[in-house]
Amino acid sequence: MSQTTHILQQRNKPNLLSIVIPCYNEEEVIPLLRVELEKFISTLPCPVELVLVNDGSRDRTLLLLDAWAKQDQRLRLLGFARNFGHQTAVTAGLDVAKGDAVVIMDADLQDPPHVIHEMLARYCEGYDVVYGQREERAGETTFKKFTAWAFYRLMRKLVHPDLPVDAGDFRLVSRECLQALREMRETHRFLRGMVAWVGFAQTPVLYSRDPRAAGETKYPLRKMLAFAWTAALSFSPLPLRISLMLGVITAFLGFAVGLYAVVVGLIHYYLRDLGIPYNSGWASIMTVLCLVGGAILMGIGILGEYVARIYDEIKARPLYLVSYRRNLD
């Protein structure tokens with residue numbers, strides 16, 4: 001599906017660029033990130049603030065970030081009271097970012113900072129969202145590449161037809177788009193889908209993803225599947241419709257097996273004098289019971305997932321709790 005047509009209005013470079021980076025157990029990466037960002041910021045044509053969010057790390061990540069923030073007033077530090085998750089950490093960074101344009105990137109340096117130059121160029125052309133689209137994924141296994149390929153295309157079907165494929169959270173958003181995102185406070189968050197939902201003028205920037213600088217990935221297959229499930233339930237009623245279709249298919253199977261049982265019974269009734277053995281149909285009955293029972297339980301389970309998310313929303317708890325701040329008003 002093609003995106004909405006927008007009239008692009010050229011704009012000046014941002015008076016302030018915010019770079020939001022969530023961090024969770026990145027003790028090995030922080031020193032490398034600091035060197036890379038301090039070198040990169042000097043090449044940018046506009047002032048920069050760094051918004052780093054410690055997502056309840058259990059290692060020395062917060063201590064390293066705090067030492068960095070003491071020496072560099074451009075770094076604004078938030079520390080969560082516990083781990084609230086990557087998407088919530090990004091949300092907290094967006095909440096405090098003051099820039100005219102905001103870049104979201106991860107701490108592992110897989111998304112190269114130099115791509116931000118091209119993002120800024122597209123921003124000045126008038127685009128409100130400039131997302132990084134991966135051409136290559138260096139240092140990843142074939143299985144990881146395949147699951148990532150399948151994930152983005154499945155999400156495009158389940159979440160939003162305009163959801164870009166092969167694009168993570170590495171992107172630049174304008175102030176106008178950021179204001180729209182801030183109004184969306186749902187508990188179970190899928191920011192890529194939220195950015196696609198708000199619309200605005202969007203364009204990709206192609207790049208090659210680097211290997212992770214240090215440490216281990218925070219998104220193994222288990223978390224990726226959970227992330228996909230959260231995204232599907234948060235943006236689409238399709239799982240409910242799938243359970244409905246399974247119920248319809250099961251009903252037709254039950255009807256067919258029942259019709260078969262009636263026909264066999266009639267044949268046995270009229271041919272009983274011939275001594276033909278008759279199968280009472282115990283296996284068929286058990287098969288139908290298992291099919292019907294499984295379909296009912298599956299439907300109830302999917303419905304329960306939606307009810308659980310409604311329950312989370314109506315409690316209206318804060319998305320995150322901050323226990324530490326540095327260089328913040």
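Things worth noting here:
- Residue in the range 12-27 that is more than 30 Å from D128 (Cβ to Cβ), in contact with a helix residue (DSSP H, G or I) (Cβ under 7 Å, 6 or more places away or on another chain) and of a type outside the set (D, E) present: yes
- The one condition from (1) hydrophobic (A, V, I, L, M, F, W, C); (2) in contact with a strand residue (DSSP E or B) (Cβ under 6 Å, 6 or more places away or on another chain); (3) at negative phi that F200 does not meet is (3).
- Exactly one residue out of Y127, Y123 is outside any helix (DSSP H, G or I), hydroxyl-bearing (S, T, Y) and farther than 27 Å from L319 by Cα, and it is Y127.
- Identification of helices (runs of 4 or more DSSP H) wholly contained in the range 7-112 with 1 or more residues that are more than 19 Å from the chain's Cα centre (by Cα) and over 19 Å from Y324 (Cα atoms) yields 30-41.
- Residue ID - surrounded by the fewest Cβ atoms within 10 Å (Cβ to Cβ), chosen from residues in the range 1-43 that are closer than 20 Å to L78 by Cα and of a type in the set (D, E, K, R): E38
- Among the residues of the range 195-213, just one is assigned to a helix (DSSP H, G or I) and touching a Leu at 6+ places or on another chain (Cβ under 6 Å), namely A196.
- Test: R74 is surrounded by 14 or more Cβ atoms within 10 Å (Cβ to Cβ) and in contact with a helix residue (DSSP H, G or I) (Cβ under 7 Å, 6 or more places away or on another chain): no
- Within the range 157-175, the set of residues being crowded, with 16+ Cβ neighbours inside 10 Å and either part of a loop (DSSP other than H, G, I, E, B) or of a type in the set (F, W, Y) (or both) comprises V159, H160, D162, L163, P164, D166, A167, G168, D169, F170.
- Criterion applied to L178, L206 was being surrounded by fewer than 16 Cβ atoms within 10 Å (Cβ to Cβ), hydrophobic (A, V, I, L, M, F, W, C), farther than 17 Å from F235 by Cβ and at pLDDT 85 or above, and the one residue passing it is L206.
The values are calculated or read from the model by the stated rules, or taken from the named source; none is laboratory data. Owing to the predicted nature of the structure, the values given are computational and were not obtained by experimental measurement. FYI the Cβ positions are ideal-geometry reconstructions off the backbone, even for glycines, and counts take in every protein chain you see.
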